[in-house]
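Chemist: If you scroll down you'll find the structure; I have some questions about it.
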Amino acid sequence: MKRFFQKNGIMMLAAVVVVAVGLCIASAVSNQTGFLQNAAGVVTYPFRAAGSAVAGWFQNIGQRFETVEALRQEIEELRKENAQLKEDARQAKTDSEENQRLRDLNGLRQQRRDFTFEAARVIERSTSNWSRTLTLNKGTGLGVAIGDCVVDQYGYLVGVVTEAGANWCTVTTILDTDSQLGALVFRTGEVTVAMGDLALMGQGKLKLSYLEGESSLINGDMIVTSGLGGYYPSGLVIGSVEEIKTDDNGLTRYATIVPKTDITQLVEVFVITDFTIVD
């Protein structure tokens with residue numbers, strides 16, 4: 001055995017050295033591969049992180065755009081809903097006003113069974129410096145004629161038809177300078193004339209002329225149509241006395257009248273196409 005080691009010892013040692021060197025080389029190669037991989041990972045990490053951040057940013061931006069678009073659509077829906085609610089409210093108000101006018105007209109018809117009414121809508125207004133007229137959407141085709149009185153839903157006098165076509169008519173209102181109506185002081189029975197006046201027309205008032213010398217007219221007296229001669233119905237309310245004045249010559253007195261109806265706000269009126277003369 002001793003001779004064997006002496007004879008082959010060098011070769012065995014050399015073999016062991018070769019195996020050890022091989023193992024060292026394999027280990028080194030293995031470690032170098034891990035090092036390169038780690039080095040590559042370190043170098044590329046910032047780029048991978050930046051790419052991930054950019055991708056996340058774009059994703060967030062996309063989500064924000066989706067959120068903004070959803071909000072925009074929701075706002076648009078709310079606007080449409082709000083517009084519809086306003087339209088419903090406006091229509092409800094219009095229907096309510098229409099129903100009220102019909103109820104008032106029904107009450108007027110019950111009160112004045114001697115009248116025949118034709119409902120009409122105001123389609124045009126003339127408010128020049130010298131006239132106050134209305135154009136209505138009813139005419140001779142429905143029995144409207146020149147000389148017919150026109151009232152509002154409460155029976156207050158608006159004016160008189162002065163022109164008429166097949167499906168339209170023109171009403172000269174009580175404020176117009178061409179308007180003259182036989183009038184009566186309701187409280188005293190005094191007969192006068194209610195007429196339009198250029199100076200008062202712009203104020204929405206008219207003039208009560210031809211007062212008696214001993215007239216007991218007072219502020220607040222109600223003025224109605226006299227109906228004398230049967231040309232116009234009697235008892236239509238014109239307005240109330242606001243003030244009693246004396247003419248510039250100091251000889252005669254007159255009064256200013258505030259109409260009961262607001263001519264500027266009229267939408268629907270009623271033409272008295274026929275009436276019974278009451279003595």
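The values are calculated or read from the model by the stated rules, or taken from the named source; none is laboratory data. Note that this is a predicted model, so its numbers are computed, not measured. Note that we place each Cβ from the backbone using ideal geometry, even for glycine, and neighbour counts take in every protein chain shown. Please note that ligands, DNA and RNA were not included when accessible areas were found on the heavy atoms of the full protein model with its side chains. Shrake-Rupley method; radii C 1.70, N 1.55, O 1.52, S 1.80 Å.
Chemist: May I ask what percent, to the nearest 5, of DSSP beta bridges between residues of the range 133-251 are antiparallel?
Modeler: On the way: 26 of 27 bridges.
Percent antiparallel among DSSP bridges in the range 133-251 is about 95.
Chemist: Per-residue accessible area for residue 268 at 1.4 Å probe radius, Å² rounded to 10?
Modeler: About 20 Å², rounded to the nearest 10.
Chemist: Tell me the per residue accessible area of the range 105-261 using a 1.4 Å probe; a whole number in Å² is fine.
Modeler: On the way: 7620 Å² over 157 residues.
Solvent-accessible surface per residue comes out at 49 Å².
Chemist: Please compute the contact order of the range 155-206 in relative form: average sequence separation of alpha-carbon pairs under 8 Å and at least six residues apart, divided by the residue count, as a percent. Kindly include the intermediate steps, with their values, before the conclusion.
Modeler: Working: 80 pairs, mean separation 14.0, N = 52.
About 27 percent, as a whole number.
Chemist: OK, next. Taking the dipole about the Cα centre of the range 140-256, with the C-beta of Lys and Arg at +1 and of Asp and Glu at -1, give me whichever of 146, 256, 198 is farthest to the positive side.
Modeler: Going by the Cα projections, it comes out as 146.
Chemist: With all protein chains present and a 1.4 Å probe, how do 197, 248 order by accessible area, largest first? Intermediate results must be reported in sequence, preceding the final value.
Modeler: Values: 197 35, 248 170 Å².
Reading off the accessible areas and sorting them downward yields 248, 197.
Chemist: Moving on to the next point. Which percent of the accessible heavy-atom area of the range 183-239 goes to carbon and sulfur, probe 1.4 angstrom? Intermediate results must be reported in sequence, preceding the final value.
Modeler: Numbers: 1500 of 2670 Å².
In the range 183-239, the share of accessible area belonging to carbon and sulfur is 56 percent.
Chemist: Kindly rank 148-160, 221-233 from highest to lowest mean number of other beta carbons found within 10 Å of each residue.
Modeler: Details: 148-160: 23.1, 221-233: 17.8.
Highest to lowest by the protection proxy: 148-160, 221-233.
Chemist: Now a separate question. Rounded, prolate or oblate: which fits the range 217-279 when a ≥ b ≥ c are the square roots of the eigenvalues of the alpha-carbon gyration tensor, with rounded for a/c under 1.5 and prolate only if a/b beats b/c?
Modeler: Numbers: a/c = 2.72, a/b = 1.51, b/c = 1.80.
Oblate is the answer for the range 217-279, as a/c is 1.5 or above yet b/c matches or exceeds a/b.
Chemist: Further question on the same structure: How much of residue 260 can a 1.4 Å solvent probe reach, expressed as accessible area in Å² and rounded to 10?
Modeler: Approximately 90 Å² of residue 260 is accessible to the 1.4 Å probe.
Chemist: Separate question: Extending each Cα 7 Å along its Cβ direction at residue 67 and residue 247, get the distance between those two points in nm, one decimal.
Modeler: 8.3 nm
Chemist: Going highest first, how would you order 74-81, 118-125 by mean Cβ packing within 10 Å? All intermediate terms of the calculation are to be shown ahead of the outcome.
Modeler: Numbers: 74-81: 10.0, 118-125: 15.4.
Final packing ranking: 118-125, 74-81.
Chemist: Also: Taking square-rooted eigenvalues a ≥ b ≥ c of the alpha carbon gyration tensor, is the range 105-216 rounded, prolate or oblate, where a/c under 1.5 means rounded and, failing that, a/b exceeding b/c means prolate?
Modeler: Here the range 105-216 falls in the oblate category.
Chemist: Starting from the amide H of residue 234, placed 1.01 Å from N in the peptide plane, find each other amide H under 5 Å away whose residue is 5 or more places distant or on another chain.
Modeler: Excluding prolines and chain starts, which carry no amide H, the hits are 278.
Chemist: In addition: At 1.4 Å probe size, what's the solvent-accessible area of residue 131? Round to the nearest 10 Å².
Modeler: Rounded to the nearest 10, the figure is 20 Å².
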